[in-house]
Amino acid sequence: MEKKAYDDSKVTTSLGKIKHKILVLSGKGGVGKSTVSANLAVALSKEGHDVGILDIDIHGPSIPKMLGVEDKKPGASVVGMNPVFFSPKLKVMSMGFLTQDRDSPVIWRGPLKMMAIKQLIGDVDWGVLDYLVVDIPPGTGDEPLSIAQLIPNCDGAIIVTTPQDVALVSVRKSINFVKKMNMPVIGIIENMSGFKCPYCGKSIDIFKTGGGLKASKDFNVPFLGKIPLDARIVETGDSGEPFVVKNMNSDAAKVFVEIVENIEKIVNKKEVK
């Protein structure tokens, strides 16, 4: 029997009530992209926006754990699936909700992964949202390419990097990837940018600093901000309590808020100071 093709119009229908759609990507793994995505989504929801976060990483979904919702399951709807609620203002969908158990690897070839991505986007009933944050697997291969092509009227991409030169090589490729997809680059976030000693107050640039700002100038794209290293970001990610909620008065949490304000200005076509 011939296998029925997926109805791509479901994607348009599912995303039709979402005002702003933002992709978060990185040229390589290990830069804290998912941590940044989760905290940006929470920070946007704390501003009063209705927000969704879509964790599209097939092989390593981590958003459910970071938000403390890994034991929940999506409900059923007329469209297909209802996302999980982190809070009344933040909905979550991830491949991590759909695996048999959290330790089971997903061992799929390309066509199966592409079908899963289409279903994760098109079979979810997001309802009315102000923002959908899409956490994309690192790199510029099949998955990012398919997602970039599937999501209509995307506001653009945020690129997450760390300051050192090795990471910035990948950032430049990510910027060119986004431009080849005819999407705007919303901006660059420099993560793990400096560490403030809790004892003496001195700042130490463990991974250097300023590389993200330099890349933004070289490519003439906005620089959204730099997030300092803070051990509590790791701790809250492991415990499922978002950093911007648990440590809202910290320097890093204030940077997240500033970055969100810059994102809001850019997607609403306002000048960033």
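For the range 177-191, give me each residue that is polar (S, T, N, Q) and either assigned to a helix (DSSP H, G or I) or at positive phi (or both).
Listed by number, the list holds a single entry, ASN182.
Restricting attention to the range 70-100, the residues that are surrounded by 13 or more Cβ atoms within 10 Å (Cβ to Cβ) and in a strand (DSSP E or B) add up to 11. When LYS113, LYS91, LYS118 are checked against the criterion of being at pLDDT 90 or above and on the phi < 0 side of the Ramachandran plot, LYS91 stands alone in meeting it. Within the range 1-30, the residues that satisfy the criterion of being at pLDDT below 90 and β-branched (Val, Ile, Thr) are VAL11, THR12, THR13. Of all residues assigned to the range 47-59, none qualifies as being part of a loop (DSSP other than H, G, I, E, B), without any contact (Cβ under 8 Å) to a residue 24 or more places away in the chain, out of contact with any Gly (no Cβ under 9 Å at 6 or more places or on another chain) and surrounded by fewer than 24 Cβ atoms within 10 Å (Cβ to Cβ). If I ask for residues that are touching a residue at least 40 places away in the same chain (Cβ under 8 Å) and either loosely packed, with under 15 Cβ neighbours inside 10 Å or among the small types (Gly, Ala, Ser) (or both), which ones from the range 138-154 would you list? Within the range 138-154, GLY139, ALA148, PRO152, ASN153 qualify. Among the conditions (1) part of a helix (DSSP H, G or I); (2) touching a strand residue (DSSP E or B) at 6+ places or on another chain (Cβ under 6 Å); (3) under 15 Å from VAL24 (Cα atoms), VAL255 misses just one, which is (3). A count restricted to the range 128-140 and to residues that are more than 12 Å from the chain's Cα centre (by Cα) and not in a strand (DSSP E or B) stands at 3. Pairs are defined by a Cβ separation below 7 Å, a sequence spacing of at least 6 or placement on different chains, a first member in the range 4-19 that is under 26 Å from LYS269 (Cβ atoms), and a second member that is modelled with pLDDT under 85 and part of a loop (DSSP other than H, G, I, E, B); the pairs so defined are THR12/PRO152; SER14/VAL79; LEU15/PRO152.
Sub-9 Å Cβ pairs linking a first residue in the range 63-92 that is free of Cβ contacts under 8 Å to residues at least 12 places away in the same chain and more than 14 Å from ALA41 (Cα to Cα) to a second residue that is buried (at least 19 other Cβ atoms within 10 Å of the Cβ) and among the aliphatic types (A, V, I, L, M), at least 6 apart or interchain, are GLY75/MET81; GLY75/VAL84, ordered by first then second residue. Restricting the range 192-247 to residues that are more than 19 Å from the chain's Cα centre (by Cα) and assigned to a strand (DSSP E or B), which is surrounded by the most Cβ atoms within 10 Å (Cβ to Cβ)? By that ranking, first place goes to PHE195.
The residues of the range 60-69 that are assigned to a loop (DSSP other than H, G, I, E, B), surrounded by 18 or more Cβ atoms within 10 Å (Cβ to Cβ) and touching a helix residue (DSSP H, G or I) at 6+ places or on another chain (Cβ under 8 Å), listed by number, are PRO61, SER62, LEU67. Pairing residues of the range 175-191 that are without any contact (Cβ under 8 Å) to a residue 60 or more places away in the chain and over 20 Å from GLN149 (Cα atoms) with residues that are hydroxyl-bearing (Ser, Thr, Tyr) and not in a helix (DSSP H, G or I), at Cβ distances under 9 Å and at least 6 apart in sequence or on separate chains, gives ILE188/THR161; GLU190/THR161; GLU190/THR162; GLU190/THR209.
Out of all the residues in the range 141-174, which are in a helix (DSSP H, G or I) and within 30 Å of ASP7 (Cα to Cα)? Before you say what the answer is, go through the steps one by one.
Going residue by residue through the range 141-174, those that are in a helix (DSSP H, G or I) are 142-150, 165-174.
Selection gives ASP142, GLU143, PRO144, LEU145, SER146, ILE147, ALA148, GLN149, LEU150, SER174.
The values are calculated or read from the model by the stated rules, or taken from the named source; none is laboratory data. If you're wondering where the values come from, they're calculated on a predicted model, not measured in any experiment. Because the Cβ atoms are built from the backbone with ideal geometry, glycine has one as well, and the counts that use them run over all protein chains shown.
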